[in-house]
Amino acid sequence: MDEDAGSMQRVFNSGAGAIVTKSIGLKPRDGYANPTLVELEHGLLNAMGLPNPGIDLFIDELKKLKNSNISIIGSIFGSNVYEFVKLSEKMQQCKVDALELNMSCPHAKGYGLEIGSDPKLVKEITSKVKKSVEIPVFVKLSPNLTNIVEIAQSAETGNADAIVAINTLKAMKIDIELKMPVLSNKIGGYSGNAIKPIGIRCVYEISKNVDIPVIGVGGITTGEDAIEYFMAGASAIQIGSGIYYRGIDIFKTICDEIEIWMKKHRYNDLSAIIGVAHL
Ligand SMILES: Cc1cc2nc3c(=O)[nH]c(=O)nc-3n(C[C@H](O)[C@H](O)[C@H](O)COP(=O)(O)O)c2cc1C
């Protein structure tokens, strides 16, 4: 979906508690040529290539929402400390409620995973961003790591306010008739239902080993998926591919399904189930 003020307002009106923007960089980027997104048997494979209008144009879009009551989490990506700090300051100026540092894109060379797999760099970027803004800073991590806990702890040491887990998994689809990869970028990121067990494992491991909140994302399409993430230790959840499968009403539907589950199991307070699966 194109992300403009109107689409963010529409998602918010359909029951989302907050909107995370597409990741925004310093300069406009076209992203990769088509095909950039393909539906597979159990999930979506994408390599968009971080297309975005660049922070200065995006700010104009955000300004249109200045009188609305939407909570916005500004997602940013950069290739070094300077870019992350600059973007954070600009995002803060347009009154976003929090920042999400995308250090986990699996398919954009020089960005994302190359940064998010280096514990020292994760700590340095997080800590420099924290010193330059007053709003909360979340760090979004990749599951394509040998040790996601170590990276989460680096973000925590850098004073992150929360960890977001997980971004997509590096994956590939080959068309056997054409004998070639389906995506123009060949390799992309896998999302949707198939990755939920991996997201659950990451959230479980991270939340057992850090003292800051963990926001769970990956394959959530039902209220029961959300409950599973809460039990794994997530304090909040995000929905991405679920919009493709269940439409824009998914936010309200999942809230209703969570409430039904809680009533059935005699819970009044969601916080009572956060991390209950930790032994
Ligand atoms: C088409 C598409 C575009 C995405 N773009 C971004 C992005 O710009 N920044 C980011 O941090 N994650 C991005 N993601 C990853 C999602 O935010 C999410 O972490 C991942 O898809 C797993 O959640 P899901 O299974 O609910 O989609 C994208 C995912 C998809 C499918």
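When you restrict to C-alpha pairs under 8 Å that are six or more residues apart and normalise by the size of the chain, the relative contact order lands at 16 percent.
Atom-type composition of the exposed protein surface of the range 171-267 places 57 percent of the accessible area on carbon and sulfur (1.4 angstrom probe). Each peptide in 37-48, 57-68, 98-109, 5-16 gets a packing score, the mean of other Cβ atoms within 10 Å over its residues, and the list from highest to lowest is 98-109, 37-48, 5-16, 57-68. Solvent-accessible surface of the range 5-278, taken per residue with a 1.4 Å probe and all protein chains present: 47 Å². Projected label points at GLU134 and LYS252, each 7 Å from Cα along the beta carbon direction, are separated by 3.6 nanometres. Considering only ILE260, ILE239, ILE55, the Gaussian network model of the chain with Cα springs below 10 Å gives its largest mean-square fluctuation to ILE260. Magnitude of the charge dipole for the chain, about its Cα centre and with charges confined to Cβ atoms of Lys, Arg (+1) and Asp, Glu (-1), is about 320 debye. Centre-to-centre separation between the Cα atoms of the range 25-86 and those of the range 225-279: 26 Å. Per-residue packing, averaged as other Cβ atoms within 10 Å, sorts the ranges 72-80, 247-255 into the order 72-80, 247-255, beginning with the highest. When a 1.4 Å probe is rolled over the protein heavy atoms, the share of accessible surface on the range 48-156 that falls to carbon and sulfur comes to 49 percent.
Between LYS264 and GLU41, the FRET efficiency from the beta-carbon distance, with R0 = 35 Å, is close to 0.65.
The distance between label points at GLN93 and ILE59 comes to 0.3 nm (points 7 Å beyond Cα on the Cα→Cβ vector).
Treating r as the C-beta distance of LYS120 and SER71 and R0 as 30 Å, the FRET efficiency rounds to 0.40. With the charge dipole of the chain set up from +1 on Lys and Arg Cβ and -1 on Asp and Glu Cβ about the Cα centre, the Cα lying farthest toward the positive end among the listed residues MET103, VAL164, ILE19 is that of MET103. Pairs from the table (LYS173/LYS264; LYS27/LYS123; LYS27/LYS140; LYS170/LYS264; LYS186/LYS252; LYS64/LYS123) lying more than 30 angstrom apart at Cα are LYS173/LYS264; LYS170/LYS264; LYS186/LYS252; LYS64/LYS123.
The values are calculated or read from the model by the stated rules, or taken from the named source; none is laboratory data. In this text the structure is predicted, and so the values were computed from the model without any measurement. Note that we place each Cβ from the backbone using ideal geometry, even for glycine, and neighbour counts take in every protein chain shown. Ligands, DNA and RNA are excluded from the accessible area calculation, which covers all protein heavy atoms including side chains. Shrake-Rupley method; radii C 1.70, N 1.55, O 1.52, S 1.80 Å.
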